[in-house]
Amino acid sequence: MGRWEHRYLGWDRFPDPSTPIEIEQLFTLESDELACAKARRTPLHRLAVALHIVFLNTTGRLLNSVEIVPVSMLEYLGRQLGCTPPRVTSIRALYRRRRTLFDHQQVAIDVLGLDTLGEHAERGLVAYLRREATAVFDTSELMARARSWLADHH
């Protein structure tokens with residue numbers, strides 16, 4: 001992940017990248033991610049799973065938003081999935097059942113090979129990063145140290 005790609009880490013809203021290269025880098029699904037999204041029954045659920053995957057992969061956060069999804073993201077994911085996305089939508093509009101939202105969040109976690117932190121581990125990581133951030137000014141180095149801490153403590 002290059003330095004410019006770090007800018008969306010931690011965001012709780014949709015990034016809306018401005019260049020085609022950035023859109024491609026951030027929103028292209030890997031083959032296993034694409035297969036996972038395509039395994040959903042309806043085109044809207046395929047799109048929803050893809051949105052969860054790219055959001056989690058780009059921001060490191062779970063998607064639970066009522067914000068409008070950027071058109072560039074909808075169109076790009078629609079092309080990958082072979083479906084026509086809605087012109088305007090929010091995550092809330094994609095779901096009738098809240099349980100499906102949670103299921104799709106878990107699908108994104110699983111396909112990306114991630115694991116959720118428990119409350120104790122999260123507090124430990126935050127405390128560690130606060131200490132490290134006083135001496136480390138490079139985002140990549142701080143992220144590497146966070147990964148190392150997680151590997152040792154999780």
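The values are calculated or read from the model by the stated rules, or taken from the named source; none is laboratory data. All figures in this text were calculated on a predicted structure; none of them were measured in a lab. Here the Cβ positions follow ideal geometry from the backbone for every residue, glycine too, while neighbour counts run over all protein chains shown.
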Query - Any helices (runs of 4 or more DSSP H) falling wholly within the range 79-154 and containing at least 1 residues that are surrounded by 12 or more Cβ atoms within 10 Å (Cβ to Cβ) and of a type in the set (Ser, Thr, Tyr) - result: 98-111, 119-133, 139-153
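For the subset of the range 42-76 comprising residues that are part of a helix (DSSP H, G or I) and hydroxyl-bearing (Ser, Thr, Tyr), which member is modelled with the lowest pLDDT?
So the first thing to find is which residues in the range 42-76 are part of a helix (DSSP H, G or I), and the list is 43-59, 71-76.
Add one more test, that the residue is hydroxyl-bearing (Ser, Thr, Tyr), and what stays is 58-59, 72, 76.
Working: Thr58: 88, Thr59: 85, Ser72: 89, Tyr76: 94.
Here the answer is Thr59.
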Query raised in the report: Only one of these conditions is not met by Arg147: (1) in contact with a helix residue (DSSP H, G or I) (Cβ under 8 Å, 6 or more places away or on another chain); (2) not assigned by TED's automatic domain parsing to the domain that holds Tyr8. Which number is it?
Result: (1)
